[in-house]
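K.L.:
My questions all concern the structure below.
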Amino acid sequence: MRRLITATLAAALLASTAQAQQLNFDDPVEFDKQRQQLTAKANGPEGEPWVQYYGDAIVDTAKFKKDGPYTVCFSNAGVNNAWRVTGWTNMQAEVKLHPEIKELIHVDAEGSDDKQIADIDDLLNGGKCSVLIVSPNTTAALTPAVEKACGVLPVIVFDRGVNTKCPVTFIHPVGGYGFGIQAGEFVAANAPAGANVLLLRIIPGVDVLETRASAAKRIFKEKGLNVIGEEFTEGDNAKTKSIVEDYLAKGSLDAIWMDAGATAVAALEAFEDAGKPLPIITGEDQQDFLQKWKAEGFKAIAPTYPTYQWRTPIIAAVKVLRGDPVPGPEWVMPQPAITAENLDQYVNDKMPPLHHAMCGCEKLPDYPAAWGGK
């Protein structure tokens, strides 16, 4: 089968295979734990999942207490896709709720491990940061940089993880296994026996993406579904559409499982252009996908990696610098899915096509204009 990936991406895939074995992105214990968390009741105020958490483990942050005002530094993997754009807008709006923060210094790694490592060094050497927030580009590459930073100031990691326990807390929703379970179980429950499933992925080597894929493949193997391919799209609509067109030309395709749904509409358009019935598909909470789903009624689910999580590191940073306890060493938040039953409450045609509905941003300053809404 012809692989529709670039030579560079192929090399990255080989490297990530060894990394996945080292970091164990196929952990049955964690798989079971996240499956249980998906239906568990979280602690915290109702209607505010960005401050909710599972379990009762708490980190004492008294040693980090200092007088304000504070400079919060943020090393960002990138603002290179729609999910991250929504999240970054959330974070900036959350800062406006905290007058004790005098400055938010943001550095954008533009999807480069090397740049992010250099960015973190520059922030540490600048001496202005009261606390460092890191959203790592990839797991293994950023681990040493985060460990170095932990020796200088309090560090909060969120979104993607690193292979070290040194941060004060690691903030994330339930996780990649949970996302893969929600999407995989939906496909397995709705597809015919022996159905052909195509896995569409973005890039290799990111923990939350690797675990999404491993969870789905575990479920498909258990249910006897036929995974006919696993392709990397780099989050590109044209590439996604081309990949799907190639598979449709080779034979039947019953379902598409995606490790992130940014290009779900492009995948559906390949079926439409070929005159084929729309497949079972897993997307995400982007408005273009949700609106198409509502209009056409195909079988779908939108597991989410909610962008409301971008609010939480700012809340945590202020707590840490005040010496207040925070959930940890992992702050695990709820991770809801959008289904046919609750779809209507998330469709909002006043928001732009690439806006992520699970943002928890509706009461933040400058909503909806700052998010491109009307």
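Values quoted throughout were computed directly from the atomic coordinates according to the rules given, and no laboratory measurement underlies them. In this text, all values refer to a predicted model and were calculated from it rather than measured experimentally. When we count neighbours, we look across all protein chains shown, and the Cβ atoms used for this are built from the backbone with ideal geometry, even at glycine.
K.L.:
Based on C-alpha coordinates, I'd like the Rg and Dmax of region 198-312, in Å.
P.N.:
Values for region 198-312 (Cα only, Rg and Dmax): 13.9, 46 Å.
K.L.:
Taking every DSSP beta bridge with both residues inside the chain, roughly what % is antiparallel (nearest 5)?
P.N.:
15
K.L.:
Oh, and also: Peptides 256-262, 365-371, 142-148: what's the order by average Cβ count within 10 Å, highest mean first? It would help to have the intermediate numbers written out before the result.
P.N.:
Working: 256-262: 26.9, 365-371: 14.3, 142-148: 19.0.
Highest mean packing first, the order is 256-262, 142-148, 365-371.
K.L.:
At 0.36 nm per residue, and after removing the present C-alpha to C-alpha distance, how many nm does the segment from Glu103 to Lys350 gain when stretched out fully?
P.N.:
85.8 nm
K.L.:
First check a/c for region 69-146, with a ≥ b ≥ c the square roots of the eigenvalues of its C-alpha gyration tensor; if it is under 1.5, answer rounded, and if not, answer prolate when a/b is larger than b/c or oblate otherwise.
P.N.:
In terms of gyration-tensor shape, oblate.
K.L.:
On to the next question. Among the lysines, which fall within straight-line cross-link reach of Lys115, defined as a Cα-Cα distance under 25 Å, with same-chain neighbours fewer than 8 residues apart omitted?
P.N.:
Lys128, Lys148, Lys165
K.L.:
How big is region 25-104 by Rg and Dmax over its Cα atoms, in Å?
P.N.:
16.9, 44
K.L.:
Grab every C-alpha pair in region 267-374, bin the distances at 5 angstrom width from 0 up to the longest one, and report whole percents.
P.N.:
Per 5 Å bin, starting at zero, the Cα-Cα P(r) for region 267-374 comes out as 2, 10, 18, 18, 16, 13, 10, 7, 3, 2, 1, 0, 0 percent.
K.L.:
Still on this structure, I have one more. Could you give the length gained by full extension between Asp121 and Ala62, i.e. 0.36 nm per residue of separation minus their alpha carbon distance, to one decimal place? Let's see the in-between values first.
P.N.:
Values: separation 59, 0.36 × 59 = 21.24 nm, distance 2.57 nm.
Value of the extension gain: 18.7 nm.
K.L.:
Take the cross-link list Lys299/Lys363; Lys241/Lys294; Lys241/Lys299 and give me the ones stretching past 23 Å between alpha-carbons.
P.N.:
Listed pairs above 23 Å: Lys299/Lys363.
K.L.:
Compute the angle between helix 7-23 and the longest alpha-carbon principal axis of the chain, please, reported from 0 to 90 degrees and rounded to the nearest 10.
P.N.:
Roughly 60 degrees, rounded to the nearest 10.
K.L.:
Now for a different question. So which lysines can Lys33 reach, going by Cα to Cα under 16 Å and dropping same-chain residues fewer than 8 places off?
P.N.:
Leaving aside lysines fewer than 8 places away in the same chain, those within reach of Lys33 are Lys41.
K.L.:
To test your reading of the geometry: what angle, between 0 and 90 degrees and rounded to tens, separates the Cα axis of helix 139-150 from the longest principal axis of the chain?
P.N.:
10
K.L.:
Simple spin-label model, 7 Å along Cα-to-Cβ: Ala295 to Leu153 in nm?
P.N.:
4.7
K.L.:
What percent of all Cα-Cα pairs in region 316-359 falls into each 5 Å bin, going from 0 up to the bin containing the maximum distance?
P.N.:
Binned Cα distances yield the sequence 5, 15, 17, 14, 11, 11, 15, 11, 2.
K.L.:
Here is a further query. Averaging over every viewing direction, what projected area does the convex hull of the Cα atoms of the chain cover, in nm²? Could the numbers behind the result be given before it?
P.N.:
Numbers: hull surface 70.8 nm².
For the chain, the mean projected area of the Cα convex hull comes to 17.7 nm².
K.L.:
Something else now. Sort the following peptides by mean Cβ neighbour count (other Cβ atoms within 10 Å, averaged over residues), highest first: 123-131, 164-172.
P.N.:
With the highest mean Cβ count within 10 Å placed first, the list reads 164-172, 123-131.
K.L.:
Right, next: Quote the charge dipole size of region 85-171 about the Cα centre in Debye, to the nearest 20; the model charges only the Cβ of Lys and Arg (+1) and of Asp and Glu (-1).
P.N.:
Dipole of region 85-171, to the nearest 20 debye: 260 debye.
K.L.:
Using the per-residue mean of other Cβ atoms lying within 10 Å as a proxy for protection, in what order, highest first, do the peptides 197-210, 42-55, 313-326 fall?
P.N.:
The densest-packed peptide leads the list: 197-210, 313-326, 42-55.
K.L.:
With labels modelled as points extended 7 Å from the Cα through the Cβ direction, what inter-label distance (nm, one decimal) is found for Asp246 paired with Glu48?
P.N.:
The two pseudo-label positions are separated by 4.9 nm.
K.L.:
So what is the 222 nm mean residue ellipticity for the chain from helices alone, if each DSSP H run of at least 4 adds -39500 (n - 2.57) and you divide by all residues, rounding to the nearest 500 deg cm²/dmol?
P.N.:
Values: 11 runs with 144 residues, N = 374.
Computed mean residue ellipticity for the chain: -12000 deg cm²/dmol.
K.L.:
Quick one: what are the phi-derived ³J(HN,Hα) couplings along region 251-267, Karplus 6.51/-1.76/1.60 with θ = phi - 60°, whole Hz, x for glycine and proline?
P.N.:
Once rounded to whole Hz, the list reads x, 6, 9, 8, 8, 10, 10, 10, 7, 7, x, 4, 10, 4, 5, 4, 4.
K.L.:
Quick one: helix 237-250 against the long Cα principal axis of the chain, what's the angle to the nearest 10°, folded into 0 to 90?
P.N.:
Between the helix axis and the principal axis of the chain, the angle is about 30 degrees.
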